[in-house]
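Worksheet: the structure to be examined is printed underneath.
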Amino acid sequence: YLIAFEDYIAGSPGWQVLISGPPLFVTSSLAGSELAIYPTRSDLRGLQSDLVSADLPADLRLVDSLNVCDPIDELGHAYHWSSVLGARSLFAALKLDSYQGAVRGSGTVLADGGRVIMGFEEMSVATPIEGSDLWIVVRTNSGPLARVRHPEGDRRMELAIAESTTRFTTPHGRTDWFRSTLTPGWNELVFRIPSRLLDRPATRLRIDGRYASYAYWIFQSEGKTGS
């Protein structure tokens, strides 16, 4: 079930797609917008937690993950972000879309909350295996939504990001810029960070660029094929 104000749901296309019907209960004692309980779609529940299309070496082991916009998960990773377009900060929004094209899982539909980043993200990620490179998978989108705050209320805008641009920095150095051409819909990008840039058992990671992030999966190899 989803509990929210009626005006909030009515003004949010993202949340509307998660609702399977009219509200089951609506308050009648509040001034202005009433609080309502909505049934939600069970077919989308939990799908955002799993990788869909990424192609990874078989010897990699998942050592960490971050669900962007999950406050508990973000707190556990000391997550911080900054995203500004012009004079406006960009805030998180929910996106419903599908994987498209000739990729594994093509046609899979899922809803996920994330951020358009015109700036940077920072997080602490587990890097427990000495001498092993870090493989990072990020779920992104070529047409992400962002919330922009105005005096009269939040507005949602869709941005076009045909090319994702990112650079990774740790206390030991930084990578070159990665430029990835995106297909329509959901994309899962794979990046490899050299072991010489990592600490143990965790590494503070900063990601600069122009991109959208919805979830991160962190892998290392037991084979210690680092550089």
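The values are calculated or read from the model by the stated rules, or taken from the named source; none is laboratory data. Keep in mind that this is a model prediction, so the values were computed, not measured. All Cβ positions, even for glycine, are placed from backbone atoms using ideal geometry, and neighbour counts span all protein chains on display. Just so you know, the surface numbers come from the protein's heavy atoms only, side chains and all, with ligands and any DNA or RNA stripped out. Shrake-Rupley method; radii C 1.70, N 1.55, O 1.52, S 1.80 Å.
In this simple spin-label model, placing a label point 7 Å from the Cα along the Cα-to-Cβ direction at both R149 and L56 gives a separation of 3.5 nm.
Let me have the relative contact order for the chain, percent, based on Cα pairs under 8 Å that are six or more residues apart. Mind dumping the intermediate values first?
Working: 543 pairs, mean separation 54.7, N = 227.
It rounds to 24 percent for the chain.
Counting only protein heavy atoms and a probe of 1.4 Å, the accessible surface of the chain is 54% carbon and sulfur.
Candidates S180, L96, V109 compared by Cα position along the dipole of the chain: farthest toward the positive end lies S180, with charges placed on Cβ.
Treat every Asp and Glu Cβ in segment 62-161 as -1 and every Lys and Arg Cβ as +1, leave all other atoms uncharged, and give the resulting dipole magnitude about the Cα centre to the nearest 20 debye.
In debye, rounded to 20, segment 62-161 gives about 520.
On the beta carbon distance between D73 and T27, with R0 = 45 Å, the FRET formula returns roughly 0.90.
At a Förster distance of 25 Å, what's the computed FRET efficiency of E158 paired with R179, Cβ-Cβ distance as r, to 0.05?
Values: r = 22 Å, r/R0 = 0.86.
E(calc), rounded to 0.05, equals 0.70.
Rounded to the nearest 500, the helix-only mean residue ellipticity at 222 nm of the chain stands at -1500 deg cm²/dmol, with each DSSP H run of n ≥ 4 adding -39,500 (n - 2.57).
Using the Cα centre of the chain as the reference point, and only Cβ charges (+1 on K/R, -1 on D/E), how large is the resulting charge dipole? Debye, rounded to the nearest 20. Before the final figure, lay out each step's value.
Working: 22 positive and 26 negative charges, 100 e Å.
Charge dipole of the chain: 480 debye, to the nearest 20.
Quick check for you: with a 1.4 Å probe and neighbouring chains kept, what is the accessible area per residue of the chain, in Å²?
Using a 1.4 Å probe on heavy atoms only, each residue of the chain averages 49 Å².
The modelled label-to-label distance for the pair A102/R88, using points 7 Å beyond Cα in the direction of Cβ, is 3.9 nm. In this structure, S49 and E130 have a Cβ-Cβ separation that, at R0 = 41 Å, corresponds to a calculated FRET efficiency of about 0.90. Of the GluC sites (Glu not before Pro) found in segment 56-144, those in coil by DSSP whose Cβ has at most 16 other Cβ atoms within 10 Å are E130.
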